[in-house]
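What follows is one structure encoded as structure tokens, with my remarks underneath.
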Amino acid sequence: KKTMTDIDVKGQRVFVRVDFNVPMADGTITDETRIRAAIPTIEYLVEQGAKVILASHLGRPKGEVKEGMRLTAVGIRLAELIGKPVTKLDESIGQEVEQAIANMQNGDIVLLENVRFHAGEEKNDPALAQQFAQLADIYVNDAFGAAHRAHASTEGIAKHIPAVSGFLMQKELDVLGKALSNPERPFTAIIGGAKVKDKIGVIENLLEKVDHLIIGGGLSYTFIKAQGYDIGKSLLEEDKIELAKSFIDKAQAKGVQLHMPIDAVVANEFSQDAETQVVDIDAIPADWMGLDIGPKTAAHFADVIQNSKLIIWNGPMGVFEIDKFANGTKTVADAMAATAGYTVIGGGDSAAAVEKFAVADQMDHISTGGGASLELMEGKELPGIIALNDK
Ligand code: 3PG
């Protein structure tokens, strides 16, 4: 795909779709990773003398103006980080926007309002896409986190003006693309999180590619059940037991080494005041629930990570938000930090975990996309990327 460096942007109006969908609490940004991640692209365009028009969604306002979902705080923070004024507008289309853009000098930065205040954004309404396109000469998509959405500002607009990728988009695709198409081996994937249902496509696709597949987290109990063990009150997706069995069989047929919990931290209730004990996986008491992998399992997973050349991690090993159930996820995070292998964090909860355990700096790549990196790992093509021009 063409990137920004393939074209001359000087003096051009460049519509840059970024993913500034950052977590907010009471109007304050609680994690600015996505803002920082977009800066190389913005700085490059400024240095090249482009007129930089930034657009993003924030949250899910469903086509209505929601005061709490304005991008005002993001604009203020971006200006601080980049050390340049950012003109934040209260709309993303219309006269006020056109006027502000007409007044821009080369190197100026304008931030449009949350594009999802218009219902046409998520509907990928051609009329809205056209209105966005009319604001600019060139489209740069740097919103990797939203690349799995076919929306007006991520897909539709690319049909109207020359469309290229930004540096963040490029980096995400390089790392994840290379890992999935031409991995260093041994290649290990760690899949955790609550539900099998959310990871079916990922497990299916990765079974074709990896040497080791580690299964932990809430979803592992359906696999443990599929192996014939009692799991007490642990999370179970009854309708996914057969699928879990088929994954176990497929791993064996493909020569993929499957690593599942051999012990667990179980609790008498889902709470931070719960009573807990460590049990072997064949000894989960009937009234108890598994909320973390046990220490034997964690040590074994760490060992596999240590001996891998490439490791992709998606989904925590337990309820790591609660200290009593955080140890498995912490052990995996520490092993990721310690290994000489190349470490990739597939966004979302695993990114939050390496942040929480203060090892984020030691990862080789932390994806800024949760859903988007998941879909890439499923082997899907992302609409926001397909839409970019090849020529
Ligand atoms: C994300 O946070 O995963 C992206 O910004 C996409 O947000 P969405 O799931 O609301 O489309």
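All of the numbers you see were taken from the coordinates with simple rules; none came from a lab. Here the structure is a predicted model, which means the values were calculated and not measured. Cβ: placed from backbone, ideal geometry, glycine included. Neighbour counts: every protein chain shown.
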Completion exercise
Here the relative contact order (percent) of the chain, from C-alpha pairs under 8 Å and at least 6 apart, is 16 percent
Completion exercise
With the 8 Å Cα cutoff and a minimum separation of six or more residues, region 127-275 has a relative contact order in percent of 17 percent
Problem - Tally of Lys pairs whose C-alpha atoms are under 13 Å apart, taken over region 175-271, 8 or more apart or cross-chain - result: 9
Exercise for the section: With N set to the residue count of region 188-333, report its C-alpha Rg divided by 2.2 N^0.38 Å to two decimal places. Expected result: 0.96
Exercise for the section: Count the net charge of all other residues whose Cβ sits under 13 Å from the Cβ of F301, scoring Lys and Arg as +1 and Asp and Glu as -1. Expected result: -2
Exercise for the section: Please work out the ratio of the alpha-carbon Rg of region 330-391 to 2.2 N^0.38 Å and round it to two decimals. Expected result: 1.33
Problem - Interatomic Cα distance distribution for the chain, bins of 10 angstrom, percent - result: 5, 22, 28, 22, 15, 7, 1, 0
Problem - Calculated log₁₀ intensity ratio I(q)/I(0) where the Debye formula runs over C-alpha points of region 51-139, q = 0.13, 0.18, 0.25 Å⁻¹ - result: -0.41, -0.79, -1.35
Problem - Kirkwood estimate for region 1-60, i.e. one over the average of 1/r between Cα atoms, Å - result: 12.8 Å
Handout entry: Relative contact order %, region 207-266, counting alpha carbon pairs below 8 Å whose residues are six or more apart
Key = 47 percent
Handout entry: Bridge type composition, the chain - antiparallel percent by DSSP, nearest 5
Key = 25 percent
Problem - Estimated D of region 61-206 in µm² per second, where Rh is the Kirkwood radius over Cα pairs and Stokes-Einstein applies at 25 °C, 0.890 mPa s - result: 138 µm²/s
Practice task
Just the Kirkwood number for region 1-104, please: inverse of mean 1/r across all distinct Cα pairs, in Å, one decimal.
Solution key: 14.8 Å
Handout entry: Counting all C-alpha pairs of region 237-288, share separated by more than 14 Å (%)
Key = 66 percent
Practice task
Take the Cα pairs of region 285-366, get the Kirkwood Rh, then feed it into Stokes-Einstein at 4 °C and 1.567 mPa s and tell me D in µm²/s.
Solution key: 102 µm²/s
Practice task
Give, in whole angstrom and from largest to smallest, the semi-axes √(5λ) of the equivalent ellipsoid of region 210-267, with λ running over the eigenvalues of the Cα gyration tensor.
Solution key: 20, 13, 8
